[in-house]
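Here's the structure, in structure tokens; my notes come after.
The values are calculated or read from the model by the stated rules, or taken from the named source; none is laboratory data. All of these numbers come straight from a predicted model, not from anything done at the bench. Because the Cβ atoms are built from the backbone with ideal geometry, glycine has one as well, and the counts that use them run over all protein chains shown.
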Amino acid sequence: MMTPDVAERRIQSLRQQINHHNYLYYVLDSPEIPDSEFDRLMRELEQLEQQFPQLITPDSPTQRVGATPLTEFGEVRHEVPMLSLDNAFDEHEVQEFDRRLHERLDTSAQIEYTAEPKLDGLAVSLVYENGVLTRGATRGDGTLGEDVTQNVRTLLSVPLRLVGTGFPRLLEARGEIFMPKKGFEMLNAKAEKNHEKPFINPRNAAAGSLRQLDARITASRPLEFYAYAWGQVEGGRLPERHSKVLACFREWGLRTNPENRLVIGLEGCLKFYKHMADKRDQLPYQIDGVVYKVDRLDLQKELGFVARAPRWALAHKFPAEEVMTVLRAVEFQVGRTGALTPVARLQPVFVGGANISNATLHNMDEIERKDVRVGDTVIVRRAGDVIPEVAGVVLAKRPKNARRVHLPLKCPVCGSKVLRIEGEAVARCSAGLYCPAQRKEMIRHFASRRALDIEGLGEKLVDQLVDAGLVHTPADLFKLTAKQLADLERMGDKSADNLLQAINKASNTTFSRFLYALGIREVGETTALVLARHYGSLDALLAADQDSLMQVPDIGPVVAASIASFFHEPHNLKVIRALRESGVRWQQQADAKKFKHSSILAGLTFVITGTLSQMTRDDAKDTILALGGKVSGSVSKKTDYLVVGAEPGSKLAEARRLGVALMDEQAFLRRIKQ
Ligand code: IVH
């Protein structure tokens, strides 16, 4: 066994190394050692501290999680009040802010501002005495907050001990604790699995996670911290500019937001606002605007405060992505596979830059978990290009007569029985293609671009054709006459003719497109292609049973069962026969030949982002599929390559985060030409 002296030296060295690597990881975002090596250092420290418990100190990196839950939070007084910010909702208000400052400071020179993202979490105060974290507190009402020291200690991005030199003897750093989007999704996915109520948004989740009497719960939650302000400072001095103070914070191990910028004048502020608005969706955490702060502290002092906010700072908010409104009714829509999707009919609201009166409620499980009732005041979210959804209920506003939502027993479109398999979230209309809603979706899918690609056969026209009783199955499309079409509302001779030509053109297709177009559950484009390649002909595929299907690479029991049952259904066989009789055809030969020499991308999954210059994204997708690869719509751990075109989207950041290999267009072209 080591002597206590040797152990102490080793323990100190380990703590120093761990703090240093933590700093590299969290503050500088550039780790130098792999996680496994970091874990090894931690384990060695833990073991030594176990052997020499007298050497354990509260600032040891092993001492983040206290074991004894509190019964209540202590109260904390903020010697320097924690203020809030004035808000601006448009450019004009920012202009006014800048003008007022010029007036007060009696200057015509441009003002320098630090511009920062406005993090959507909760403000906290961290007190460091002689570099050691001694207190963590929530903002509370600005003067009195809660003592959450035990909880903030569990955040790996909060240093228990400052690094470097030159920090004041007493330093109260302030900043935001927030939950990154990914962590929030994971937490809610877990809640869903356990049939627990989900958190409405990352901010609620952060607040709920921090305010836990048992710090072990906080420790298990993905919380992070960025410093952006300070309160008490004693026994030392800070630099004369906000930006320089933040730079010092960073050197002392306090994490600051790398997006922060020093900008000049109104123009610089507005440019930053636009930049962050564009980047918002790609950021790993939620922001609800940006903050401008006069950079020179002497000017800040001159400007002072009004009521609860400083005159020298302004929050410039983005249009709200979450608003409250009243749920007027819940209706059920029927999709292609008969799935009933509950849709919220809302009192119209302006959210995420658009007027919204409908939002998805996903499925019955979701309604039950969120306990959504008709008449409730609900929170509606519309972020980026995501479909608007009901995020949660404001229970405090529930009226007495709020009504529970029930799954209809009968399909709202065709009146057939609704079935919900035990344990499945989705309820379905049992009528299959006899249900007009399913029929419409089926025909839309059949005609869609990546299926048979019937140009001009849009949503409205499909509705008209089905409602007029002209089309019951996809095969009926090929029997349409010019006269029938021209009789439809808003359809002239010319458009009727164009449509007939498009239908005729589409009848010459490929085997895999045909299979995809049939809309077999679980059979997407990739599976359709695999089936086409494997069986080569429709007759061979029709003859296959579930066991044979399971021999096909990448086809598991669920998919095999779905395919087998589709081809077992007499109604489907009738449609297929009718399609063939009406002239739908494909060149078996060409398909087979194309694939024989080409499996150079077999086993690889690609995702494409941005615009390619040499080919469309669809062409790239087809090429990858034809060469045996797979194409997915989103980046995950299973992605092998992200093909990056011009102006890539958020997939690039995600790929970088997951360490997925990147390929530019040139590299991609070289690869497929091998
Ligand atoms: S500075 C005296 N900077 O916004 C100035 N606040 O509406 C104190 N917030 O309570 C705040 N990001 O929770 C500041 N970069 C940022 C911020 C930020 C988010 C929050 C903070 C504050 C609230 C005020």
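Conditions: (1) part of a helix (DSSP H, G or I); (2) surrounded by 13 or more Cβ atoms within 10 Å (Cβ to Cβ); (3) out of contact with any Leu (no Cβ under 7 Å at 6 or more places or on another chain). Ala396 meets all but one. Number of the miss?
Ala396 satisfies every listed condition except (2).
Let me spell it out: the conditions are (1) away from the ligand (no atom under 16 Å from the Cβ); (2) surrounded by fewer than 19 Cβ atoms within 10 Å (Cβ to Cβ), and Gly131 meets all of them except one. Which number is the exception?
(2)
State all residues of region 415-436 that are more than 30 Å from the chain's Cα centre (by Cα) and touching a residue at least 24 places away in the same chain (Cβ under 8 Å); if no residue qualifies, say none.
Those that are more than 30 Å from the chain's Cα centre (by Cα) and touching a residue at least 24 places away in the same chain (Cβ under 8 Å): Val418, Cys429, Ser430, Ala431, Gly432, Leu433, Cys435, Pro436.
Condition check ((1) buried (at least 17 other Cβ atoms within 10 Å of the Cβ); (2) out of contact with any Leu (no Cβ under 8 Å at 6 or more places or on another chain); (3) under 30 Å from Thr143 (Cβ atoms)) across all residues:
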{"residue": "Glu331", "(1), (2), (3)": "no, yes, no"}
{"residue": "Arg336", "(1), (2), (3)": "yes, yes, no"}
{"residue": "Pro342", "(1), (2), (3)": "yes, no, no"}
{"residue": "Val372", "(1), (2), (3)": "yes, no, no"}
{"residue": "Pro388", "(1), (2), (3)": "yes, yes, no"}
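Pull up region 466-488, narrow it to residues that are closer than 26 Å to Asn572 by Cα and among the charged types (D, E, K, R), then point me to the one that is surrounded by the most Cβ atoms within 10 Å (Cβ to Cβ).
In this case the residue turns out to be Asp476.
Name the residues in region 515-558 that are within 24 Å of Ala447 (Cβ to Cβ), of a type in the set (A, V, I, L, M) and either in contact with a His (Cβ under 8 Å, 6 or more places away or on another chain) or part of a helix (DSSP H, G or I) (or both), would you?
Scanning region 515-558 gives Leu515, Ala517, Ala528, Leu529, Val530, Leu531, Ala532, Leu538, Leu541, Leu542.
Can we say Thr623 is of a type outside the set (D, E, K, R), modelled with pLDDT of 90 or more and either in contact with a Pro (Cβ under 9 Å, 6 or more places away or on another chain) or under 23 Å from Pro553 (Cβ atoms) (or both)?
Judged against the criteria, Thr623 is not a match.
Considering each residue of region 297-319, count those that are aromatic (Phe, Trp, Tyr), farther than 16 Å from Ser243 by Cβ and buried (at least 17 other Cβ atoms within 10 Å of the Cβ), and give that number.
Counting residues in region 297-319 that are aromatic (Phe, Trp, Tyr), farther than 16 Å from Ser243 by Cβ and buried (at least 17 other Cβ atoms within 10 Å of the Cβ) gives 1.
Please go through (1) within 24 Å of Leu170 (Cα to Cα); (2) within 16 Å of the ligand (Cβ to nearest atom); (3) part of a loop (DSSP other than H, G, I, E, B) for Leu85 and return the number of the only condition it doesn't satisfy.
Here Leu85 meets the rest and fails (1).
Of the residues that sit in region 312-358 and are among the polar types (S, T, N, Q) and not in a loop (DSSP other than H, G, I, E, B), which one is modelled with the lowest pLDDT?
Step by step, filter region 312-358, then rank; the result is Asn355.
Can you tell me which residue within region 107-127, out of those that are small (Gly, Ala, Ser) and surrounded by fewer than 19 Cβ atoms within 10 Å (Cβ to Cβ), is farthest from the ligand (Cβ to nearest atom)?
Ser108
Would you tally the residues in region 36-70 being in a loop (DSSP other than H, G, I, E, B) and among the aromatic types (Phe, Trp, Tyr)?
Residues flagged as in a loop (DSSP other than H, G, I, E, B) and among the aromatic types (Phe, Trp, Tyr) within region 36-70 amount to 1.
Can you tell me which residue is surrounded by the fewest Cβ atoms within 10 Å (Cβ to Cβ) among those in region 140-199 that are polar (S, T, N, Q) and closer than 22 Å to Tyr128 by Cα?
It comes out as Thr165.
Among the residues of region 176-230, write down those that are of a type in the set (S, T, N, Q), in a loop (DSSP other than H, G, I, E, B) and more than 16 Å from the ligand (Cβ to nearest atom).
Hits for region 176-230 are Asn194, Gln212, Ser220.
Restricted to region 88-106, and to residues that are within 16 Å of the ligand (Cβ to nearest atom) and not in a helix (DSSP H, G or I), which residue is modelled with the highest pLDDT?
Among those residues, the one meeting the criterion is Ala88.
Taking region 126-176, which residues are within 30 Å of Lys274 (Cα to Cα) and of a type outside the set (A, V, I, L, M, F, W, C)?
Answer for region 126-176, where residues must be within 30 Å of Lys274 (Cα to Cα) and of a type outside the set (A, V, I, L, M, F, W, C): Arg139, Ser157, Arg174, Gly175, Glu176.
Which of the residues that make up region 280-316 are within 15 Å of the ligand (Cβ to nearest atom), over 20 Å from Ile200 (Cα atoms) and not aliphatic (A, V, I, L, M)?
Tyr292, Lys293, Asp295, Gln300, Lys301, Gly304, Phe305, Arg308, Pro310, Arg311, Trp312, His316 - these are the residues of region 280-316 that are within 15 Å of the ligand (Cβ to nearest atom), over 20 Å from Ile200 (Cα atoms) and not aliphatic (A, V, I, L, M).
Can we say Ile18 is under 26 Å from Val148 (Cβ atoms) and in contact with a Pro (Cβ under 6 Å, 6 or more places away or on another chain)?
Taking the combined requirement at face value, the residue satisfies it.
Take region 263-276 and flag every residue that is surrounded by fewer than 16 Cβ atoms within 10 Å (Cβ to Cβ) and either within 12 Å of the ligand (Cβ to nearest atom) or on the phi < 0 side of the Ramachandran plot (or both).
Ile264, Glu267, Lys271, Lys274, His275
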